[in-house]
Amino acid sequence: KMTQQMRDLQLAQARKPPGPSSPNAAKRLYRNLSGKFRVNYTSFDEGSVAGRGEKEKLRKSYLFQSNAALFEAVELQDLDRVQELLKHYSPEELDLNTPNSEGLLPLDIAIMTNNAPIARALLQAGAKESPHFVSLESRSLHLSTLVREAEQRVNELTAQVVNEAPNTDCSEKEKQLKAWEWRYRLYKRMKAGFEHARVPDAPTNVHLSVASSSSVQVTFWEPLSINSAVVTKYKVEWSCSPTFSPPLGEAVIDKLKNLHFTIRGLVSGTAYYVQVSAYNMKGWGPPQASVPPFAIPSNWREYDGRAPRRRGQAEALDHLLGQVKTVHQHCVCHEPCKNQPQSRKHSVSKSLKHLFHPGSKFLKTLKRGLYLTAIFYKDDNILVTHEDQIPVVEIDDTYSCLLMQDFLWFTKVSCMWDEILWLRQCVTVSQSSCSCILQTRFKMLLAISQMQGLLGIQDLGQVFFEPVKDKQGNILIVTLKEVKTNQTFESVRWVPICKLQTSRKSVSSPEEPTALDTLLISVQDKLAYHQRSSHALSPGLYLGYLKLCSAVDQIRVLVPERLPNILCHVKIRSNPNISREEWEWLQKMASVEEPVPAEPEAETSQNHLFQELQVAIKELMTLVNIPLQEAKDFRLYSQEVLDFGGQVSFLLLLPPSDDVCTAPGQNNPYTPRSGFLTLPLQIFELGEE
């Protein structure tokens, strides 16, 4: 009766014929599936309605066959085949959670044959257990029915083969008999697997940490012993009582790719106890209490009631800028920029003006002076002018030595590409002082406007951290921007970077290349820098190393090439939050006179952080090539935790006071290995934003 109900339910849900009934058929099907699907699927005329209909039928047919192949691969315990099917088809295409005619799902077969690798692969793909097995009794009864019916079918076919004379029908009966004998052995193995299984042991390494002032996070590992049955879900329970009476809540985790859970909506300052238990087809195993046994939601700022450093700063700066604009609105020079129509007619007339304006076109060659070049790239293509040149405009043909202050001012202007017209007009008003600095900066703004007008785009991207120079006195300020959409530009086109590099005819010698040649040779390095500088760290708590070096006109900071917008760092843990108790311990550690403070008590969050810091410091010292014995004089920055958006936070490791910043001519005995560079501090601050 149970089997008949399953079959009736399946017919109502799927209405599809059974899959291959033998392992040989499954092997043939799987071997030919991918090739046939690709060839036949694209062989129809896309313009033919009938062709599209046939194509859809064929697609559904092969998707059904992929579902049948998955069942057979699981039954044959072929992990490679299962992984291949999961890779090429989505769970929906495989009907991963639709029972077959026996009322079984692929995951049911995997766990009842105790095939842990296949079961894990299916679970990570989103597979579920059959909802029909609501109790141990229903599962046992269903398996007994399958075994009994398979045995009965084997006996019937055996009798027919023995009693009938050899003929074609008899040969077919023998094939059916072999298939049913194989299925009978499978069901018996599944039944034996179910009967010998026991509930799983408790999960291991159950660790509890404070995630915020209102949440805690629990992480855990699989049980050491699953007792002949794969774990398919976990249960997290929490309470304010160590006896979990009364319980406050629970959550079931059936997505097993990442074994962690964050309990939210808790009360700050209250202790919460957490335990985790595992489930398999035999039921829930015993719970495992967390280490530490409880956690108190909090944040390090609660230690002294400190407000976030940047709270309201962006709004205050916007308000200040608005006030400055308001003060300048009465200027006559601002009248032309009011109510400018953004029409195509205006754009065309503006472009025509540029054609007749001297120096308004892109430059082909450089004279002695200061120039601006904009590099736009998409995949392996770069934007060039119709003369196959990187867009370059002149800033000042009498400026042969770029002062660092002017360059840093330009990088700050790059944060306001949309305000260039307004800035230009403000500098125009101030030019009565005839300041050389103001004149240079006005020319920079003029060149930016010219580049924006010629390209037809406002945002020129990020400024490369150093200009490109040559011995002829040319200086190139380089901006970089990746284009990810089908954006249209004026007076330019896309060409492959390799083609541009090979086709350009250099007018300089290899010993003394021009700034343009140097730019073209190093363009891949600059694009790689730009891409890496936009990467974000994964959420977590990091240990950063602050090392500066000074020159006559600037201070530079040491950063890794792979992530130049962040200090040299290693990851401490995935939880970015520092709790009040952890911060209090760090404060005590920073105040002691001894070089190595006493280790905190076991089974506390402070002890866990202590161990994590030890590992992180060793890893960081190896990374920056500093002997570990020298780190005894290093110290943690104990004034604050550097917080970046709530998902990433940093503790800073500082060298001794005299070694934080290396002065010009000062010898640094521990030079980092390759893979690092130094950026001007102001450039690093802009990139960090």
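Rg to Rh for segment 536-665: what is it, with Cα atoms only and Rh by Kirkwood?
Checking Rg against Rh, the ratio lands at 0.97.
For His530, what accessible area in Å² do you get when you roll a 1.4 Å probe over the heavy atoms of the protein chains, rounding to the nearest 10?
20 Å²
Which peptide among 551-562, 309-320 comes first, and what is the full order, when sorted by highest mean count of other Cβ atoms within 10 Å?
Sorting 551-562, 309-320 by mean packing, highest first, produces 551-562, 309-320.
Normalising by the residue count of segment 56-196, find the relative contact order in percent from Cα pairs under 8 Å and 6+ residues apart.
22 percent
For the ranges 443-449, 272-278, 467-473, what's the packing order if you count other beta-carbon atoms within 10 Å of each residue, average per peptide, and put the highest first? Walk me through the intermediate numbers first.
Working: 443-449: 21.4, 272-278: 23.7, 467-473: 16.3.
Going from most to least packed, we get 272-278, 443-449, 467-473.
Can you give me the Rg/Rh ratio for segment 103-167, using Cα atoms for both radii and the Kirkwood formula for Rh?
On the way: Rg = 16.9 Å, Rh = 14.2 Å.
That ratio is 1.19, to two decimals.
So what's Rg/Rh here for segment 542-594, counting alpha carbon atoms and using the Kirkwood radius for Rh?
Rounded to two decimals, Rg over Rh is 1.11.
Using only protein heavy atoms and a 1.4 Å probe, report how much of Met190 is accessible, in Å² to the nearest 10.
About 0 Å², ignoring ligands and nucleic acids.
Taking K and R as +1 and D and E as -1, what net charge do the other residues with C-beta under 11 Å from the C-beta of Val468 add up to?
Net local charge, Val468 excluded: -1.
Net charge within 9 Å of Ile296 by Cβ-Cβ distance, Lys/Arg positive one each and Asp/Glu negative one each, not counting Ile296 itself? Before the final figure, lay out the partial values.
Details: positive: Arg580; negative: Glu581.
So the surrounding residues net to 0.
Enter the Cα centre distance for the pair segment 648-680 and segment 155-221, rounded to the nearest angstrom.
That distance is 60 Å.
At 1.4 Å probe radius, can you tell me the per residue accessible area of segment 207-298 in Å²?
Working: 4100 Å² over 92 residues.
Result: 45 Å² of accessible area for each residue.
Can you tell me the accessible area per residue over segment 92-167, all protein chains present, probe 1.4 angstrom, in square angstrom?
Per residue, segment 92-167 has 43 Å² of solvent-accessible surface.
For segment 207-298, what does the equivalent ellipsoid look like in terms of its semi-axes, each the square root of 5 times an eigenvalue of the Cα gyration tensor, given largest first in whole Å?
Semi-axis lengths for segment 207-298 are 24, 13, 11 Å.
Net charge within 12 Å of Phe676 by Cβ-Cβ distance, Lys/Arg positive one each and Asp/Glu negative one each, not counting Phe676 itself?
Local net charge: +3.
What pairs in Lys361/Lys484; Lys87/Lys178; Lys547/Lys618; Lys87/Lys571; Lys188/Lys257; Lys412/Lys481 have C-alpha atoms more than 21 Å from each other?
In this structure, Lys361/Lys484; Lys87/Lys178; Lys87/Lys571; Lys188/Lys257 exceed 21 Å between Cα atoms.
Would you check the accessible area of Thr440, probe 1.4 Å, heavy atoms only, in square angstrom rounded to 10?
Answer for Thr440: close to 10 Å² accessible.
Per Stokes-Einstein, at 4 °C and 1.567 mPa s, what whole-number D in µm² s⁻¹ belongs to segment 369-534, with the Kirkwood radius over Cα pairs as the hydrodynamic radius?
78 µm²/s
The values are calculated or read from the model by the stated rules, or taken from the named source; none is laboratory data. Keep in mind that this is a model prediction, so the values were computed, not measured. All Cβ positions, glycine included, derive from the backbone under ideal geometry; neighbour counts span all protein chains shown. The protein model used for the area step is the full one, side chains on, heavy atoms only, and it has no ligands, DNA or RNA in it. Shrake-Rupley method; radii C 1.70, N 1.55, O 1.52, S 1.80 Å.
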